[in-house]
1. Select from the range 31-53 the residues that are of a type in the set (A, V, I, L, M, F, W, C), within 16 Å of the ligand (Cβ to nearest atom) and in a loop (DSSP other than H, G, I, E, B) and write down the one among them that is surrounded by the fewest Cβ atoms within 10 Å (Cβ to Cβ).
2. Scan the strands (runs of 3 or more DSSP E) fully inside the range 126-204 and keep the ones with 2 or more residues being within 16 Å of the ligand (Cβ to nearest atom) and farther than 22 Å from Tyr16 by Cα.
3. So, in the range 80-96, of the ones that are within 16 Å of the ligand (Cβ to nearest atom) and farther than 11 Å from Gly120 by Cβ, which residue ends up surrounded by the fewest Cβ atoms within 10 Å (Cβ to Cβ)?
4. Could you pull out the residue among Gly243, Gly250, Gly260 that is buried (at least 17 other Cβ atoms within 10 Å of the Cβ), within 16 Å of the ligand (Cβ to nearest atom) and not hydrophobic (A, V, I, L, M, F, W, C)?
5. Against the conditions (1) touching a residue at least 40 places away in the same chain (Cβ under 8 Å); (2) surrounded by 24 or more Cβ atoms within 10 Å (Cβ to Cβ), where does Ile109 fall short? Just the number, please.
6. Can you find a residue that is among the polar types (S, T, N, Q), in contact with a helix residue (DSSP H, G or I) (Cβ under 7 Å, 6 or more places away or on another chain) and within 16 Å of the ligand (Cβ to nearest atom) anywhere in the range 99-115?
7. Restrict the check to the range 54-64 and report whether at least one residue is within 16 Å of the ligand (Cβ to nearest atom) and hydroxyl-bearing (Ser, Thr, Tyr).
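What follows is calculated from the coordinates using simple rules that are stated; it is not laboratory data. Bear in mind that the values here come from a model prediction, so they are computed numbers and not experimental data. Ideal geometry is used to build each Cβ from the backbone, glycine not excepted, and the neighbour counts take in all protein chains shown.
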Amino acid sequence: MLSGFVGDIKLDFCVYNASGVHCTSEQELLDLLNSEAGGLVSKSSTFEPRIGNPHPRYFSDPKNKISINSTGLANYGYGYYLDLSSKLNTKPYFVSVATLTELELEIIINKINDTPDIAGIEFNFSCPNLIGKTQLGYDLTATDKLLDFVSKRCKKMFGLKLPPYFEPLQIEILANIIKKYPLVKFLVCINSLGNGLLINNNDSTCIYPKDGLGGIGGASLKPFGLSNVRELHKHLPEMSIVGCGGVFTGQDVYDYFLCGASAVQIGTCLHEEGLQCFERIKQELIQILNQKNIKKLVDIRGGLKVISQKY
Ligand code: DHB
């Protein structure tokens, strides 16, 4: 009833964590494995371990369902996440990779090609928090070049984590680039809304890096996540799209499927509520589908209706 898919991988339950949330340490990944999440994705990993940006680098305001993060890719290095794969193979396990240099990327891809038990690679094209760097996903020429590089080397199923796009034309251009690379099997959209600013009641920034700028997560992202999923689904109807951004309830998951998603990730809500959010969202979805007499969530995929004016 609630299955989903990411490329050619089926998830028994279509909801799992967003990269970066509860997925940096072995214990966190094991917790996800033992939760109701339908799969799991690691923290974005780099060639070398990174301590990341100075603290405070995460802040959330649960009342307003908003968060800001600037972890700066703190992670244990890609080898750590590959070595864990044999312990995590009872659910689809995706490894997120953040690209720094082509040389490092080549080594990482070769190693992943030889590692069983990894369902796929989520290439992060959209980290907003690297000091002095811009988000790759906003440079469509660089995106094209990197996809060419990855497609020539990668033997595992892979996908891209995209930033939020605000113009339908940008999405059309991006979709035309992606069409050139049939090995891209899934898209995750959207990442946090980069370089937002939250201030607290001491007249100061809520986080320290970049003078307080960081990736915004939470409820305000949902309309942008929905529109990006919807527009990409129109241009790439065969592509698996994993919706992400502002998912707190079963209704949010349902809405992402209506726009064309085939799975959904949870970020801020998982961070705030903890692992029990998966079971709660599952129950909410079951209730929605029963009320609407829908047998399978995937049956509504892309079925959003556009209201027409009646004169
Ligand atoms: C980080 C933030 C992101 O939004 C992302 O996609 C990857 C990494 C971070 O700050 O670590």
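1. Top of the filtered list is Ile51.
2. 193-197
3. Restricting to residues being within 16 Å of the ligand (Cβ to nearest atom) and farther than 11 Å from Gly120 by Cβ, the top hit is Tyr80.
4. Details: Gly250 fails: within 16 Å of the ligand (Cβ to nearest atom); Gly260 fails: within 16 Å of the ligand (Cβ to nearest atom).
The unique qualifying residue is Gly243.
5. The failed condition is (2).
6. yes
7. Yes, the range 54-64 has at least one match.
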